[in-house]
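**Q** Input: one structure, supplied below.
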Amino acid sequence: MARALINLPRTARRGEVIEIRTLIQHVMETGYRPGADGVVVPRDIITRFTCLYNNEEIFAAELAPAIAANPFLSFSTVATESGILAFTWTGDNGFEQTETRSLTVT
């Protein structure tokens, strides 16, 4: 599993706009770079990121080979109710990782 960092408030007021920041450690090999032996290193990138808030998609991003290693994503949403946010990264070679965080809305 890759190391994922997720930053969001633990609590928020109903209707408050909250910022969510994510970063995941991943080498993001483009598939264009030759290795030490001169053979092109196979592509290995994260291709999609989604965030679900109580099972409803609130943010999604399609990533391409030009994205940097350890991709950082930042987005906002409105705190509507207490619940679970699920963050999923999917990519080449069967890579998939999901992390969850709780949000309490007062």
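Since every read-out is calculated from the coordinates, none of them should be taken as a lab result. Since this is a predicted model, take the numbers as computed values, not measurements. Quick reminder, even Gly has a Cβ in these numbers, built from the backbone with ideal geometry, and neighbours come from all protein chains shown.
**Q** List the relative contact order of the chain as a percent without decimals, with contacts defined as Cα pairs under 8 Å and 6+ residues apart.
**A** 32 percent
**Q** Also: Starting from the Cα of ILE6, step 7 Å along the direction of its Cβ; do the same at ASN54; then give the gap between the two resulting points in nm.
**A** Going by the 7 Å Cα→Cβ label model, 1.7 nm.
**Q** How do the peptides 63-69, 42-48 rank, highest first, by the average count of neighbouring beta carbon atoms within 10 Å per residue?
**A** With the highest mean Cβ count within 10 Å placed first, the list reads 42-48, 63-69.
**Q** Given H placed 1.01 Å from N in the peptide plane, which residues other than close sequence neighbours of THR47 have an amide H under 5 Å from its amide H?
**A** Correct list: THR90, GLY91, ASP92.
**Q** Within the set of other residues whose C-beta is less than 12 Å from the C-beta of VAL105, count the net charge using Lys and Arg as +1 and Asp and Glu as -1.
**A** So the environment of VAL105 carries a net charge of +1.
**Q** In whole Hz, what ³J(HN,Hα) sequence does the range 62-67 give by Karplus (6.51, -1.76, 1.60; θ = phi - 60°), x for Gly and Pro?
**A** Values, residue by residue: 9, 9, 10, x, 6, 5 Hz.
**Q** State the antiparallel share, in %, of DSSP beta bridges confined to the chain, rounding to the nearest 5.
**A** 95 percent
**Q** Here's another thing I want to ask about it. May I ask you to sort THR80, THR106, THR11, THR22 by Cβ crowding, counting other Cβ atoms within 10 Å and putting the fewest first?
**A** Values: THR80 16, THR106 9, THR11 13, THR22 21.
Ascending number of Cβ neighbours within 10 Å: THR106, THR11, THR80, THR22.
**Q** Across the range 97-106, in residue order, what do the Karplus-derived ³J(HN,Hα) couplings come to in whole Hz, using 6.51 cos²θ - 1.76 cosθ + 1.60 with θ = phi - 60° and x for Gly and Pro?
**A** Values, residue by residue: 9, 10, 10, 10, 9, 9, 10, 9, 10, 10 Hz.
**Q** Just to be sure I understand, if you calculate Rg/Rh (Cα atoms, Kirkwood Rh) for this structure, which of (1) 0.98; (2) 1.08; (3) 0.91 do you get?
**A** Computed from these coordinates, Rg/Rh (Cα atoms, Kirkwood Rh) corresponds to label (2).
**Q** Now, a different point. For the range 54-106, what class follows from the C-alpha gyration tensor (a ≥ b ≥ c being the square roots of its eigenvalues): rounded when a/c is under 1.5, otherwise prolate if a/b is larger than b/c, else oblate?
**A** prolate
**Q** If r is the Cβ-Cβ distance from THR104 to VAL27 and R0 is 25 Å, what FRET efficiency results, to the nearest 0.05?
**A** Efficiency for this residue pair is about 0.10.
**Q** Just add up the charged neighbours of ILE45: K/R +1, D/E -1, any other residue whose Cβ is under 14 Å from the Cβ of ILE45.
**A** Charge balance near ILE45 sits at -2.
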